[in-house]
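Below you'll find the structure, written out as structure tokens, and then a few comments.
The values are calculated or read from the model by the stated rules, or taken from the named source; none is laboratory data. Please read these numbers as outputs of a predicted model, since none were measured by experiment. Neighbour counts run over all protein chains shown; Cβ positions are idealised from the backbone, glycine included.
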Amino acid sequence: MFARVLGLSRLEVYLAHDRPVSESEKEDLRAMVARRGKGEPLAYILGDQEFCGLEFKVTRDVLIPRPETEHLVSCLREQAPQSSRGVDLGTGSGAIAVALCHARPDLTMIATDASGAALEVARDNAERLGVADRVEFREGSWWAPLADEPPLDFAVSNPPYVDPERSELLADDVREFEPESALMTPAGEPAAAYAAIVAGIEGRLKAGALLFFETGVGADDAALAVLERSDLLTDVALSDDEADLPRYLFARVRS
């Protein structure tokens, strides 16, 4: 926070230890410290968060991108077919779609979200990171904005999966400050978003298309069961993150 107020890097703060601090800078820092003292995440205070080596704008209208989600981008970067077109369902800050298109200049994507405020943040990120010509943002729930879109080559989503009856699974700062609509499912239904997405696959994805999800503790088994029950999907798998927690769901649309 001190580095941001002074307009310096963290290293430069140490090197400029004798630099005078103005009253206005002190006031700005005090305001930041007060917000952090109430538990507000640092990313919201600073207004940005690093993800896949890129700096993303974040506001309280979007979830803060996390390192665990970078694995979805890595998998798609390696597996998405050349010059293919995909969709990021529930894009939030646009982190997945923007980072993926930044890493793969041959890809184009649609990114959907039910929140218009979140889409404004995502569009800004796409503009600033130079992929606005390859990521199209559409407002609406899951597949609804794709009504007239030809079938796509892949889909990715980090949907809500926290049961409000088990909100203790969330860190306090996440529960109190990040958007509830992007976190919480209907009570007792942690796999509700996965079921809604799977139910809308037919006609939206090509045969053989890739499907990638993030999930979490308390939702992983239910989400896996949703994918395994679908006659449209094959090669369903659940894998762990670096903390050995079940995190990533993969599937392919049957040919």
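Some observations on this one:
- Just so you know, in the range 143-160 the residues that are modelled with pLDDT under 95 and of a type in the set (Asp, Glu) include one that is nearest to residue 215 (Cα to Cα), and it is 149.
- Within the range 110-127, the residues that satisfy the criterion of being outside any loop (DSSP other than H, G, I, E, B) and either of a type in the set (A, V, I, L, M, F, W, C) or touching a residue at least 60 places away in the same chain (Cβ under 8 Å) (or both) are 110, 111, 117, 118, 119, 121, 122, 124, 125, 126.
Residues are listed down the side, and each one gets a yes or a no for (1) among the polar types (S, T, N, Q); (2) crowded, with 22+ Cβ neighbours inside 10 Å:
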{"position": "57", "(1), (2)": "no, no"}
{"position": "65", "(1), (2)": "no, yes"}
{"position": "85", "(1), (2)": "no, no"}
{"position": "90", "(1), (2)": "no, yes"}
{"position": "93", "(1), (2)": "yes, yes"}
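Here's the yes/no breakdown for (1) over 20 Å from residue 73 (Cα atoms); (2) in the same structural domain as residue 84 (by TED's automatic domain parsing); (3) of a type outside the set (A, V, I, L, M):
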position: 162; (1), (2), (3): yes, yes, no
position: 166; (1), (2), (3): yes, yes, yes
position: 174; (1), (2), (3): yes, yes, no
position: 177; (1), (2), (3): yes, yes, yes
position: 188; (1), (2), (3): yes, yes, yes
position: 192; (1), (2), (3): yes, yes, no
position: 196; (1), (2), (3): yes, yes, no
position: 200; (1), (2), (3): yes, yes, yes
position: 211; (1), (2), (3): no, yes, no
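- Residues (surrounded by 19 or more Cβ atoms within 10 Å (Cβ to Cβ) and either touching a helix residue (DSSP H, G or I) at 6+ places or on another chain (Cβ under 6 Å) or of a type in the set (Lys, Arg) (or both)) located in the range 113-128: 113, 125, 126
- Verdict on residue 221 being charged (D, E, K, R), out of contact with any Pro (no Cβ under 9 Å at 6 or more places or on another chain) and without any contact (Cβ under 8 Å) to a residue 40 or more places away in the chain: no
- Subset tally (residues that are free of Cβ contacts under 8 Å to residues at least 60 places away in the same chain and over 16 Å from the mean Cα position of the chain (by Cα)) for the range 150-173: 11
- Selection status of residue 218, assigned by TED's automatic domain parsing to the domain that holds residue 144 and either among the polar types (S, T, N, Q) or closer than 23 Å to residue 182 by Cα (or both): yes
- Identity of the residue in the range 204-231, buried (at least 20 other Cβ atoms within 10 Å of the Cβ) and assigned to a helix (DSSP H, G or I), that ends up modelled with the lowest pLDDT: 220
- Elements of type helices (runs of 4 or more DSSP H) contained in the range 40-105, each with 1 or more residues being in contact (Cβ under 8 Å) with a residue 40 or more places away in the chain and over 23 Å from residue 215 (Cα atoms): 42-46, 95-103
- Some residue of the range 192-203 being touching an Asp or Glu at 6+ places or on another chain (Cβ under 7 Å), modelled with pLDDT of 95 or more and not in a loop (DSSP other than H, G, I, E, B): no
- Residue count for the range 136-184, restricted to those that are acidic (Asp, Glu) and part of a strand (DSSP E or B): 3
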